[in-house]
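Right, one structure below, let's go through it.
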Amino acid sequence: MTAMPKFTRRSFLVSSAALGGGLALGLRLPPFGPAVVRAADGSPEITVWVAIRPDNTTLIRAVRAEMGQGTITGLAQLIAEELDCDWSKVEIEYPTPGQSVARKRAWGEFSTGGSRGVRQSNEYVRKGGAAARMMLVQAAANEWKVPASECTASASVITHKPSGRKTTYGKVAEAAARLEQPKDVPLKDPKTWKIAGKPLKRLDTAGKVNGTMMYGIDVKLPGMLNAAVKDCPVFGGKVKSFDAARVSGMRGVKKVVQVGDSAVAVVADTWWQAKTALEQLPVVWDEGENAKVSSASIAEILKAGLDAEQAFVGNQAGGDVKAALAGAAKRIEAVYAYPFQNHACMEPMNATVRYTPDKCELWGPTQNGEGAFAQVLEASGLAADKVDVHNVMLGGGFGRRGTYPDDYVRQAVLIAKQMPGTPVKMIWSREEDMAHGRYHPVMQCKLVGGLDASGNLAALHMRLSGQSILAEVRPEVVQAQKGRDPLSFQGVFESGEHSFSYTVPNLLIDHAMRNTHVPPGFWRGVNINQNAVFIECFMDELAEAAGQDALEFRRKLMAKHPRNLGVLNAVAERIGWSKPAPSGVYRGLAHLHCFDSFVAAACEISVKDGNKVKVHRIVAATDPGYAVNPAQIERQVAGSFVYGLSALFFQECTVKDGRIEQTNFHQYNSMRIAQMPKVETILMPTGGTVWGGIGEPTICVAAPAVLNAFYRATGKRIRSVPLKNHGIELV
């Protein structure tokens, strides 16, 4: 989920259209010179982020994707804060990638992933709001023939302080839209925020509650048909043949089509008719050599990587780690494993496309409108000024609907091209969604630690062996890194937003890349999920071997990591780490630095009959630098624990005969409300120049904290997940 858009050979058409300004969809652009640009309803645009209606309603533009995480509300708060508008009269408008292309990418990044929705765009959207305020105030000052410095703005009302005269944004918007945008745009001190930084209600809640919110799967267009699709169940396989005549006469069926080299689809009046016919369609697959692959064969390949000579270094410090380990007073070794996992979005992959030789438009849920735009561009074969993407609310994303691979987008276009002029909504079945995900990468890890005679950690070697996401989706990045995938080291990297949280005299963290035919993807949190389990559970093992308290052992290694230590100390204090736990209750903790945030968790669990685990409480501390909406952050933290604990206890995708074995939620379970622990969030933003992420960081610390607590409760160290494979239940 950290990747940038990947444009194809047709990128030249995109940039050419942008330079020529040859596309104006929805927004009305002036034909000549700097006149007023208008929103779809005719309201004047002040900056690209703000349009004002005559009734004083503020239209705030949003191009990031909303999938439940609250990004759109947070970004609107930042713009509204600098704009000084009336929050009760804010509405959201969504420009399309086509409109952005026409205006030289005026709205910047459309991608929403890697917890970057707010942190990556906060500065330029705030400046967009601040510039709009300055222009509105200047327009009022011009009308009154007074200096702008004598005017103030608040809640969409401009006041001339000496005379007491007032006007509204709506009354001066036309004049403001004709002014040149200021080049020097100062921003407010976050300490003075009145809208941003406050726990305001989300802007999209009402539509979700009253049923008016439209998701991709809800899209309806006049004359629309529906399509069900089935890809070869073995990744890399192809269609050999299919007998369309067997189902062409079934009720509602309009056409049976091949989709690329590897899939077939049925187009019908209703999706159920299409699905029913597809299930009865005889298809012969060419499954290829990948049909011989199994989870066991993959595990053996990864196991060999644990001791391989060649590996890519992600973090190295001190001297000769091997020599330091050989000379250690005590040597501790452990091997951990983490499985494939599916995103399992509640809304399966879908998209609606209307194609003609002169125009191709897509309506659907995507985490990256620009990435989807590039896919539509290439699949349609049309020029940039004949293509657009209309993003709608996502029924879950978690990285699956990011730029890579946008496979469902391409499929939808290829199907619609065979039904020109007719809108076609393609929906994957749940079974198709499970069989053709872009999975959390499979990984094994061998950790070797060396303690000196005083019980200090003198040396640590962490060897990862498993898949590289970037090798699959951004091979040019791996090539530029001379074969290394830097994302594999998230949470344990040498520097940057995922840097290691400990100082160890002799350190080596490396990765033996072992890629499989199962396509990996950016799964919420990405590689911090397994890396947090590996390093934080092993830290507990090292502490025990040293005869030290797990918290105190960590603290000794964190003197140079004050923000890491800050969140760890916060959860330890809140959970009562220094005091005895209640009878039958056991505690565990974990922390990590990731996505430029510092996160920690401490939990309390009890275990009945040796295998029935009740997670009573999790305390989570987050230092993201800045908090735009504290209430939403609390929900994000709790929601991430649902995802993380479900993965810990239940979720695994296994491979047999080259294909994923799990077909639906009966084999890929999620925790229930009654199993959810109490979550206490400690929000401790420390400011600074760097903004951290929210949606992904905290997911990773729940699992190792629970695993460490389970060991204290049972004496059993679990080094592979999910826990159901060990007969362990969540109650």
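Would you please list the contacts, defined by Cβ atoms under 6 Å and residues six or more apart or on different chains, that run from a residue in the stretch 202-218 that is under 21 Å from Trp271 (Cα atoms) and open to solvent by less than 70 Å² (accessible area, probe 1.4 Å) to a residue that is hydrophobic (A, V, I, L, M, F, W, C) and assigned to a helix (DSSP H, G or I)?
Here the result reads none, with nothing in the stretch 202-218 linked to a residue that is hydrophobic (A, V, I, L, M, F, W, C) and assigned to a helix (DSSP H, G or I).
Give the residue, chosen from Gln490, Gln479, that is under 18 Å from Ala337 (Cβ atoms) and either crowded, with 21+ Cβ neighbours inside 10 Å or at pLDDT 95 or above (or both).
The match here is Gln490.
Might you let me know whether the stretch 221-229 holds any residue that is part of a loop (DSSP other than H, G, I, E, B), open to solvent by 60 Å² or more (accessible area, probe 1.4 Å), of a type outside the set (Asp, Glu) and under 30 Å from Asp84 (Cβ atoms)?
Checked the stretch 221-229: no residue is part of a loop (DSSP other than H, G, I, E, B), open to solvent by 60 Å² or more (accessible area, probe 1.4 Å), of a type outside the set (Asp, Glu) and under 30 Å from Asp84 (Cβ atoms).
Taking the stretch 388-421, which residues are within 16 Å of Arg354 (Cβ to Cβ), among the small types (Gly, Ala, Ser) and surrounded by 24 or more Cβ atoms within 10 Å (Cβ to Cβ)?
Ala412, Ala416
Could you check how many residues of the stretch 541-565 are closer than 17 Å to Gly491 by Cα and surrounded by 16 or more Cβ atoms within 10 Å (Cβ to Cβ)?
Final tally of qualifying residues: 7.
In the stretch 328-340, which residue that is over 35 Å from the mean Cα position of the chain (by Cα) and surrounded by 14 or more Cβ atoms within 10 Å (Cβ to Cβ) is nearest to Asp540 (Cα to Cα)?
Residue satisfying both the conditions and the ranking: Ile332.
Quick one: in the stretch 390-442, which of the residues that are within 22 Å of Gly113 (Cα to Cα) and part of a strand (DSSP E or B) is farthest from the chain's Cα centre (by Cα)?
The selected residue is His390.
What number of residues in the stretch 209-259 are in contact with a Phe, Trp or Tyr (Cβ under 8 Å, 6 or more places away or on another chain) and under 22 Å from Gly421 (Cα atoms)?
Number satisfying all stated conditions: 9.
Could you please find all residues in the stretch 325-382 being touching a Gly at 6+ places or on another chain (Cβ under 7 Å), within 30 Å of Gly305 (Cβ to Cβ) and of a type in the set (Gly, Ala, Ser)?
Selection gives Ala328 alone.
Does Ala206 fit the bill of being part of a helix (DSSP H, G or I), of a type outside the set (Lys, Arg), under 34 Å from the mean Cα position of the chain (by Cα) and not assigned by TED's automatic domain parsing to the domain that holds Val63?
Judged against the criteria, Ala206 is a match.
Mind checking which residues of the stretch 140-169 are under 22 Å from Gln77 (Cα atoms), surrounded by 14 or more Cβ atoms within 10 Å (Cβ to Cβ) and either under 38 Å from the mean Cα position of the chain (by Cα) or among the basic types (Lys, Arg) (or both)?
Within the stretch 140-169, Ala153, Ala155, Ser156, Val157, Tyr169 meet the criteria.
Quick check, is His498 assigned by TED's automatic domain parsing to the domain that holds Phe538, in contact with a Cys (Cβ under 9 Å, 6 or more places away or on another chain) and either of a type outside the set (Phe, Trp, Tyr) or open to solvent by 10 Å² or more (accessible area, probe 1.4 Å) (or both)?
Yes: the conditions hold for His498.
Does at least one position in the stretch 585-600 carry a residue that is free of Cβ contacts under 8 Å to residues at least 60 places away in the same chain, within 23 Å of Ile72 (Cβ to Cβ) and in the same structural domain as Asn569 (by TED's automatic domain parsing)?
No: the stretch 585-600 contains no residue that is free of Cβ contacts under 8 Å to residues at least 60 places away in the same chain, within 23 Å of Ile72 (Cβ to Cβ) and in the same structural domain as Asn569 (by TED's automatic domain parsing).
For the stretch 40-69, give me the residue count where each residue is among the small types (Gly, Ala, Ser), open to solvent by 10 Å² or more (accessible area, probe 1.4 Å) and under 19 Å from the mean Cα position of the chain (by Cα).
Here the count works out to 1.
Only residues that are within 16 Å of Asn529 (Cα to Cα) and of a type in the set (Val, Ile, Thr): list them for the stretch 439-468, please.
Matches in the stretch 439-468: Val442 only.
Among the candidates Val118, Val172, Val125, Val137, which residue alone is β-branched (Val, Ile, Thr), open to solvent by 20 Å² or more (accessible area, probe 1.4 Å) and either in contact with a Phe, Trp or Tyr (Cβ under 6 Å, 6 or more places away or on another chain) or assigned by TED's automatic domain parsing to the domain that holds Thr57 (or both)?
Just a single option satisfies the conditions, and that option is Val118.
Out of all the residues in the stretch 650-671, is one or more assigned to a helix (DSSP H, G or I) and under 25 Å from Phe340 (Cα atoms)?
No: zero hits.
Among what's in the stretch 188-201 and is open to solvent by less than 60 Å² (accessible area, probe 1.4 Å) and part of a loop (DSSP other than H, G, I, E, B), pick the residue that is farthest from Trp691 (Cα to Cα).
Per the criteria, the residue is Leu200.
Quick check on Ser646: is it more than 26 Å from the chain's Cα centre (by Cα) and without any contact (Cβ under 8 Å) to a residue 60 or more places away in the chain?
no
Specify the residue that is surrounded by the most Cβ atoms within 10 Å (Cβ to Cβ); the eligible residues are those in the stretch 578-598 that are out of contact with any Ser or Thr (no Cβ under 7 Å at 6 or more places or on another chain) and farther than 17 Å from Cys537 by Cβ.
So, considering only residues that are out of contact with any Ser or Thr (no Cβ under 7 Å at 6 or more places or on another chain) and farther than 17 Å from Cys537 by Cβ, the one surrounded by the most Cβ atoms within 10 Å (Cβ to Cβ) is Phe598.
In the stretch 285-303, what residues are in contact (Cβ under 8 Å) with a residue 12 or more places away in the chain and either farther than 21 Å from Glu661 by Cα or open to solvent by less than 70 Å² (accessible area, probe 1.4 Å) (or both)?
Across the stretch 285-303, the qualifying residues are Trp285, Glu287, Gly288, Asn290, Ala291, Val293, Ser294, Ser295, Ile298, Ala299, Leu302, Lys303.
Mind checking whether some residue in the stretch 686-707 is free of Cβ contacts under 8 Å to residues at least 12 places away in the same chain, out of contact with any Lys or Arg (no Cβ under 8 Å at 6 or more places or on another chain) and more than 27 Å from Glu573 (Cα to Cα)?
Yes, the stretch 686-707 contains a residue that is free of Cβ contacts under 8 Å to residues at least 12 places away in the same chain, out of contact with any Lys or Arg (no Cβ under 8 Å at 6 or more places or on another chain) and more than 27 Å from Glu573 (Cα to Cα).
Right, Ile694: open to solvent by less than 40 Å² (accessible area, probe 1.4 Å), assigned by TED's automatic domain parsing to the domain that holds His616 and within 22 Å of the chain's Cα centre (by Cα) or not?
yes
The values are calculated or read from the model by the stated rules, or taken from the named source; none is laboratory data. Everything numeric in this text was worked out from a predicted model, so none of it was measured. Backbone-built Cβ (ideal geometry, glycine too); neighbour counts: all protein chains shown. For accessibility, only protein heavy atoms count, side chains too; no ligands or nucleic acids. Shrake-Rupley method; radii C 1.70, N 1.55, O 1.52, S 1.80 Å.
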